Ligand code: FES
(Lines give C-alpha, C1' and ligand atoms only; values in the text may rest on other atoms or scores of the structure.)
Protein backbone atom coordinates (compact mmCIF):
# COMPACT_ATOMS: atom_id res chain seq x y z
CA UNK A 1 0.00 0.00 0.00
CA UNK A 2 1.38 3.39 -0.93
CA UNK A 3 2.22 5.67 1.97
CA UNK A 4 0.42 9.00 1.65
CA UNK A 5 2.07 12.39 1.90
CA UNK A 6 -0.04 13.07 4.97
CA UNK A 7 1.38 9.97 6.67
CA UNK A 8 4.92 11.02 5.74
CA UNK A 9 4.28 14.41 7.32
CA UNK A 10 3.04 12.77 10.52
CA UNK A 11 6.15 10.59 10.60
CA UNK A 12 8.33 13.67 10.28
CA UNK A 13 6.42 15.30 13.14
CA UNK A 14 7.04 12.26 15.32
CA UNK A 15 10.73 12.33 14.42
CA UNK A 16 10.93 16.01 15.38
CA UNK A 17 9.83 15.23 18.94
CA UNK A 18 13.15 13.62 19.79
CA UNK A 19 16.74 14.91 19.95
CA UNK A 20 17.60 12.15 17.49
CA UNK A 21 14.97 11.19 14.87
CA UNK A 22 15.72 7.48 15.26
CA UNK A 23 14.33 7.64 18.81
CA UNK A 24 10.88 8.08 17.25
CA UNK A 25 10.99 4.83 15.32
CA UNK A 26 8.72 2.84 17.63
CA UNK A 27 5.86 5.38 17.73
CA UNK A 28 6.29 5.74 13.96
CA UNK A 29 5.71 2.01 13.50
CA UNK A 30 2.63 2.23 15.73
CA UNK A 31 1.36 5.12 13.61
CA UNK A 32 1.78 3.13 10.40
CA UNK A 33 0.05 0.18 12.04
CA UNK A 34 -2.85 2.40 13.12
CA UNK A 35 -3.33 3.64 9.57
CA UNK A 36 -2.76 0.40 7.67
CA UNK A 37 -3.76 -2.30 10.16
CA UNK A 38 -0.30 -3.87 9.91
CA UNK A 39 3.31 -2.82 9.37
CA UNK A 40 3.83 -3.19 5.64
CA UNK A 41 7.21 -3.13 3.84
CA UNK A 42 6.24 0.29 2.45
CA UNK A 43 5.42 1.47 5.97
CA UNK A 44 8.76 0.23 7.27
CA UNK A 45 10.60 2.09 4.49
CA UNK A 46 8.67 5.29 5.23
CA UNK A 47 9.48 4.99 8.96
CA UNK A 48 13.13 4.32 8.17
CA UNK A 49 13.28 7.42 5.95
CA UNK A 50 11.78 9.61 8.66
CA UNK A 51 13.95 8.11 11.40
CA UNK A 52 17.15 8.35 9.38
CA UNK A 53 17.92 4.63 9.65
CA UNK A 54 18.19 1.92 7.03
CA UNK A 55 15.18 -0.19 6.05
CA UNK A 56 17.05 -3.18 7.47
CA UNK A 57 17.35 -1.48 10.87
CA UNK A 58 13.66 -0.54 10.89
CA UNK A 59 12.76 -4.09 9.86
CA UNK A 60 14.84 -5.44 12.73
CA UNK A 61 12.76 -3.39 15.19
CA UNK A 62 9.43 -4.26 13.54
CA UNK A 63 10.24 -7.97 13.51
CA UNK A 64 11.67 -8.10 17.06
CA UNK A 65 8.70 -6.64 18.94
CA UNK A 66 5.60 -8.81 18.78
CA UNK A 67 3.22 -5.86 18.99
CA UNK A 68 4.11 -5.05 15.38
CA UNK A 69 2.23 -7.28 12.96
CA UNK A 70 3.13 -8.10 9.38
CA UNK A 71 -0.39 -9.26 8.48
CA UNK A 72 -3.75 -7.53 8.84
CA UNK A 73 -4.81 -7.81 12.47
CA UNK A 74 -8.44 -6.99 11.84
CA UNK A 75 -10.85 -5.13 14.07
CA UNK A 76 -9.89 -6.50 17.50
CA UNK A 77 -6.67 -7.94 18.92
CA UNK A 78 -7.37 -10.57 21.57
CA UNK A 79 -4.46 -11.48 23.84
CA UNK A 80 -4.45 -14.19 26.49
CA UNK A 81 -1.61 -14.30 28.99
CA UNK A 82 -0.32 -17.84 29.45
CA UNK A 83 2.78 -17.07 31.50
CA UNK A 84 3.29 -18.75 34.86
CA UNK A 85 0.76 -17.00 37.09
CA UNK A 86 -2.00 -16.71 34.50
CA UNK A 87 -1.34 -20.20 33.14
CA UNK A 88 -1.60 -21.75 36.61
CA UNK A 89 -4.81 -19.90 37.35
CA UNK A 90 -6.62 -20.75 34.11
CA UNK A 91 -5.02 -18.78 31.27
CA UNK A 92 -4.50 -21.91 29.18
CA UNK A 93 -8.18 -22.82 29.54
CA UNK A 94 -9.16 -19.26 28.55
CA UNK A 95 -6.96 -19.50 25.47
CA UNK A 96 -8.38 -22.90 24.47
CA UNK A 97 -11.96 -21.65 24.86
CA UNK A 98 -11.26 -18.62 22.68
CA UNK A 99 -9.37 -20.67 20.09
CA UNK A 100 -12.36 -22.99 19.79
CA UNK A 101 -14.86 -20.09 19.69
CA UNK A 102 -12.90 -18.17 17.03
CA UNK A 103 -11.63 -21.15 15.06
CA UNK A 104 -8.04 -19.90 14.99
CA UNK A 105 -4.78 -20.67 16.73
CA UNK A 106 -1.96 -18.54 18.05
CA UNK A 107 -1.04 -15.30 16.28
CA UNK A 108 -3.62 -15.58 13.57
CA UNK A 109 -6.68 -13.68 12.32
CA UNK A 110 -10.20 -15.03 11.93
CA UNK A 111 -11.43 -15.51 8.35
CA UNK A 112 -13.80 -12.55 8.62
CA UNK A 113 -10.99 -10.28 9.81
CA UNK A 114 -12.80 -9.34 12.99
CA UNK A 115 -10.42 -10.87 15.53
CA UNK A 116 -6.78 -11.76 15.99
CA UNK A 117 -5.95 -14.29 18.72
CA UNK A 118 -2.59 -14.44 20.42
CA UNK A 119 -0.96 -16.04 23.44
CA UNK A 120 0.85 -13.18 25.12
CA UNK A 121 3.55 -12.86 27.72
CA UNK A 122 3.17 -11.45 31.24
CA UNK A 123 1.31 -8.14 31.15
CA UNK A 124 2.52 -7.12 34.63
CA UNK A 125 -1.03 -7.71 35.81
CA UNK A 126 -0.48 -10.99 37.67
CA UNK A 127 -2.51 -9.75 40.65
CA UNK A 128 -5.58 -10.21 38.50
CA UNK A 129 -4.56 -13.45 36.79
CA UNK A 130 -5.70 -14.88 34.52
CA UNK A 131 -5.64 -11.80 32.34
CA UNK A 132 -6.94 -11.28 28.82
CA UNK A 133 -6.47 -8.12 26.75
CA UNK A 134 -8.73 -6.69 24.08
CA UNK A 135 -6.95 -4.15 21.93
CA UNK A 136 -4.45 -4.03 24.83
CA UNK A 137 -7.06 -3.06 27.43
CA UNK A 138 -7.13 -5.32 30.49
CA UNK A 139 -9.83 -7.88 31.18
CA UNK A 140 -8.92 -8.98 34.72
CA UNK A 141 -9.74 -12.26 36.50
CA UNK A 142 -11.26 -13.67 33.34
CA UNK A 143 -12.80 -17.13 33.01
CA UNK A 144 -13.25 -19.17 29.80
CA UNK A 145 -16.99 -18.41 29.79
CA UNK A 146 -16.44 -14.69 30.42
CA UNK A 147 -13.81 -14.52 27.67
CA UNK A 148 -16.15 -16.10 25.12
CA UNK A 149 -18.94 -13.73 26.19
CA UNK A 150 -16.65 -10.73 25.62
CA UNK A 151 -15.99 -11.93 22.07
CA UNK A 152 -19.73 -12.58 21.53
CA UNK A 153 -20.55 -9.04 22.61
CA UNK A 154 -17.84 -7.48 20.44
CA UNK A 155 -19.09 -9.49 17.48
CA UNK A 156 -22.60 -8.13 18.06
CA UNK A 157 -21.19 -4.60 18.12
CA UNK A 158 -22.09 -4.03 21.76
CA UNK A 159 -20.16 -1.65 23.99
CA UNK A 160 -17.63 -3.57 26.07
CA UNK A 161 -15.77 -2.02 28.99
CA UNK A 162 -12.37 -3.06 30.24
CA UNK A 163 -12.53 -4.21 33.86
CA UNK A 164 -10.37 -1.13 34.56
CA UNK A 165 -12.80 1.29 32.98
CA UNK A 166 -12.04 2.28 29.38
CA UNK A 167 -14.46 1.33 26.63
CA UNK A 168 -12.99 -1.00 24.04
CA UNK A 169 -12.46 0.84 20.76
CA UNK A 170 -10.59 -1.19 18.13
CA UNK A 171 -7.02 -2.24 17.33
CA UNK A 172 -6.25 0.70 15.07
CA UNK A 173 -7.52 3.22 17.61
CA UNK A 174 -5.27 1.73 20.29
CA UNK A 175 -2.33 1.86 17.90
CA UNK A 176 -3.07 5.56 17.38
CA UNK A 177 -2.87 6.08 21.16
CA UNK A 178 0.44 4.22 21.26
CA UNK A 179 1.77 6.60 18.61
CA UNK A 180 0.35 9.64 20.41
CA UNK A 181 0.16 8.69 24.13
CA UNK A 182 -0.58 12.31 25.07
CA UNK A 183 -4.09 12.00 23.62
CA UNK A 184 -5.47 11.77 27.16
CA UNK A 185 -6.66 8.19 26.79
CA UNK A 186 -3.50 6.38 27.88
CA UNK A 187 -4.16 7.07 31.57
CA UNK A 188 -7.89 6.29 31.42
CA UNK A 189 -9.34 3.93 33.96
CA UNK A 190 -8.18 2.59 37.31
CA UNK A 191 -4.53 1.55 37.16
CA UNK A 192 -4.31 0.58 40.85
CA UNK A 193 -6.90 -1.09 43.08
CA UNK A 194 -7.05 -2.57 46.58
CA UNK A 195 -6.04 -6.04 45.44
CA UNK A 196 -2.82 -4.67 43.97
CA UNK A 197 -1.96 -2.91 47.24
CA UNK A 198 -2.42 -5.86 49.62
CA UNK A 199 1.29 -6.68 49.64
CA UNK A 200 2.23 -3.08 50.40
CA UNK A 201 -0.35 -2.93 53.17
CA UNK A 202 0.99 -6.11 54.79
CA UNK A 203 4.57 -4.80 54.52
CA UNK A 204 3.57 -1.57 56.23
CA UNK A 205 1.69 -3.35 58.99
CA UNK A 206 4.62 -5.67 59.62
CA UNK A 207 7.31 -2.98 59.29
CA UNK A 208 8.90 -5.04 56.50
CA UNK A 209 11.36 -3.61 53.98
CA UNK A 210 13.85 -4.79 51.41
CA UNK A 211 17.47 -4.87 52.67
CA UNK A 212 18.95 -1.39 52.61
CA UNK A 213 15.57 0.29 52.09
CA UNK A 214 13.78 2.11 54.93
CA UNK A 215 10.56 0.44 56.11
CA UNK A 216 7.39 2.09 54.79
CA UNK A 217 5.59 4.24 57.30
CA UNK A 218 2.93 2.57 59.42
CA UNK A 219 -0.58 2.58 57.97
CA UNK A 220 -2.55 5.74 58.63
CA UNK A 221 -5.97 4.42 57.75
CA UNK A 222 -6.06 6.81 54.79
CA UNK A 223 -4.79 4.31 52.21
CA UNK A 224 -7.07 3.19 49.38
S1 FES B 1 1.60 -13.92 34.32
FE2 FES B 1 -0.15 -13.08 33.30
S3 FES B 1 -0.05 -10.97 33.81
FE4 FES B 1 1.71 -11.80 34.74
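For residue 91, indicate whether it is modelled with pLDDT under 95 and either within 16 Å of the ligand (Cβ to nearest atom) or within 25 Å of residue 148 (Cα to Cα) (or both). Considered against the rule, which asks whether it is modelled with pLDDT under 95 and either within 16 Å of the ligand (Cβ to nearest atom) or within 25 Å of residue 148 (Cα to Cα) (or both), residue 91 comes out as no.
Within the range 123-138, the residues that satisfy the criterion of being buried (at least 17 other Cβ atoms within 10 Å of the Cβ) and either out of contact with any helix residue (DSSP H, G or I) (no Cβ under 6 Å at 6 or more places or on another chain) or not assigned by TED's automatic domain parsing to the domain that holds residue 89 (or both) are 123, 125, 128, 133, 134, 137, 138.
Yes/no per residue for (1) surrounded by fewer than 20 Cβ atoms within 10 Å (Cβ to Cβ); (2) touching a residue at least 12 places away in the same chain (Cβ under 8 Å); (3) closer than 25 Å to residue 113 by Cβ:
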position	(1), (2), (3)
9	yes, no, no
18	yes, no, no
25	no, yes, no
43	no, yes, yes
51	no, yes, no
62	no, yes, yes
65	yes, yes, yes
71	yes, yes, yes
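This table checks each residue for (1) touching a residue at least 60 places away in the same chain (Cβ under 8 Å); (2) surrounded by fewer than 24 Cβ atoms within 10 Å (Cβ to Cβ); (3) assigned to a helix (DSSP H, G or I).
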| position | (1), (2), (3) |
| --- | --- |
| 22 | no, yes, yes |
| 29 | no, no, yes |
| 34 | yes, yes, yes |
| 68 | no, yes, no |
| 85 | no, yes, yes |
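Out of the residues in the range 67-78 meeting the condition of being under 20 Å from residue 26 (Cβ atoms) and either in the same structural domain as residue 155 (by TED's automatic domain parsing) or touching a helix residue (DSSP H, G or I) at 6+ places or on another chain (Cβ under 9 Å) (or both), tell me which one is farthest from the ligand (Cβ to nearest atom). Residue satisfying both the conditions and the ranking: 70.
Among the residues of the range 140-147, are any within 16 Å of the chain's Cα centre (by Cα), within 16 Å of the ligand (Cβ to nearest atom) and touching a residue at least 12 places away in the same chain (Cβ under 8 Å)? Yes - at least one qualifying residue is present in the range 140-147. Evaluate the range 80-91: report whether one residue or more is under 12 Å from the mean Cα position of the chain (by Cα) and under 23 Å from residue 190 (Cα atoms). Within the range 80-91, one or more residues are under 12 Å from the mean Cα position of the chain (by Cα) and under 23 Å from residue 190 (Cα atoms).
The values are calculated or read from the model by the stated rules, or taken from the named source; none is laboratory data. Please read these numbers as outputs of a predicted model, since none were measured by experiment. Methodologically, a virtual Cβ is constructed for each residue, glycine included, from the backbone with ideal geometry; neighbour enumeration extends over all protein chains shown.
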